[in-house]
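These notes concern the structure reproduced below.
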Amino acid sequence: MCRLFNIIAESSPDRAATASVGFEAFLDPVSIVLCTAGLCVLVIWLFWFGGFRALQKAPLRRHRGWFLFWPASVLFVWLFAMAAVQMGVTAIFDSHPQSFQESITYPANAILETVFITAMLIIAQRAFARRLRGFGLNLNHLKFDVSMAVIHLLAVFPLILAGLWITLTLGRLLKGPEFTLEMHQSLGLLTDAGIGLQTLIAVFAVLIVPVFEELLFRGFLQTSLRSVSGKPWVAIVLTSLFFSVLHPPTHIPALFMLSCGLGYAYERSGSLFRPILMHVFFNGFSVAVTVMLAR
């Protein structure tokens, strides 16, 4: 199970991997236990809590009409800024090793995404009827969201594994039996860098990335798509497609499943803290597993 989570850890930029996994990784006892527990939660959700119909009465998040302009704008500017940072670091430090370039890229990306988080909170504060509470950031719900985030993440775990299984199966059908799921080379800086940079990488992956991505994809994009379509599941699926295609191709099925779970949690509860916490727990476990595998 550790190897499976390390496949889609989000703790470093994407690049070639030195390790890979095949079908044997799915037979890990911990994976089997978690998958069985998650399937039980899914069955309970399907038969006792309405399943897909549970979102039929999910309330809309009331906001000013001009808010619909911002998701695409923020997404475009963010992608452009990330590309500019990467190209700038590569151009300026071209003669330096890859590890040194990444030691510059991580702090730059952390600062960049922190600026975007601040900007999105300011926009949401002005756009929503009840300000940040109307956006889904109500501190009164935080305690309950912690426990529910664990349950939601457990429920989506079998779907994530199914996405990885589909990728591996299709890969071997199309590219031959030698195809394996690549794992991120996410330990390079965590094991070799100084304590300061190691801490920054962990904070970036476990806190900054989940908060930024949930504000952008769930809070901004999914809210806008639901306002236009009027249908929660349409907004969830479209948002999940956008979210997953921005990651490595072999991770798309698994991250699409994860994103659907995040989107459902947002619509079901109306709280943006719930998908943020799910994302934090997922990335935190991925980083912890990455460290374990390095030892």
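Since every read-out is calculated from the coordinates, none of them should be taken as a lab result. Everything numeric here is computed off the predicted structure, so don't read it as measured data. Quick reminder, even Gly has a Cβ in these numbers, built from the backbone with ideal geometry, and neighbours come from all protein chains shown.
Peptides 55-66, 196-207 ordered by packing proxy, namely the average of other Cβ atoms within 10 Å per residue, highest first: 196-207, 55-66. Bridging of Lys231 to lysines at a Cα separation below 25 Å is possible for Lys57, once same-chain residues fewer than 8 apart are set aside.
Compute the relative contact order of the range 47-151 as a whole-number percentage, counting only Cα pairs closer than 8 Å that sit 6 or more residues apart in sequence. Walk me through the numbers before you get to the answer.
Working: 37 pairs, mean separation 35.3, N = 105.
Contact order relative to length: 34 percent.
Net charge around Leu238, counting only other residues with Cβ within less than 14 Å of its Cβ (Lys, Arg = +1; Asp, Glu = -1)?
Numbers: positive: Arg218, Arg226, Lys231; negative: Glu267.
Cβ neighbours under 14 Å give a net charge of +2.
Working note: Cα gyration tensor of the chain, eigenvalues times five, square-rooted, sorted largest first, giving semi-axes of 30, 26, 17 Å. Descending by average beta-carbon neighbour count within 10 Å, the peptides 31-38, 129-136, 72-79 line up as 129-136, 31-38, 72-79, the highest first.
Size of the dipole of the range 2-294 about the Cα centre, Lys and Arg at +1 and Asp and Glu at -1 on the beta carbon, nothing else charged, in debye to 20?
Values: 19 positive and 14 negative charges, 333 e Å.
Charge dipole of the range 2-294: 1600 debye, to the nearest 20.
Sequentially through the range 118-131, phi angles give Karplus couplings (6.51, -1.76, 1.60; θ = phi - 60°) of 4, 4, 5, 5, 5, 4, 5, 4, 8, 8, 8, 4, 10, 6 Hz, Gly and Pro residues having no value and appearing as x. Distances between placed amide hydrogens fall under 5 Å for His63 paired with Ala129, all partners being 5 or more residues away or on another chain.
In this structure, the amide hydrogen of Leu137, modeled 1.01 Å from its nitrogen in the peptide plane, lies closer than 5 angstrom to those of Leu272, counting only residues at least 5 positions away or on a different chain.
Taking θ as phi - 60° and the Karplus parameters 6.51, -1.76 and 1.60, the scalar couplings of the range 226-238 work out to 5, 4, 7, 7, x, 10, x, 5, 4, 5, 5, 5, 5 Hz in sequence order, x denoting glycine and proline. Across the range 105-113, rounded Karplus estimates of 3J(HN,Hα) from the backbone phi angles (6.51 cos²θ - 1.76 cosθ + 1.60, θ = phi - 60°) give 5, 4, x, 4, 5, 4, 5, 4, 6 Hz, Gly and Pro being marked x.
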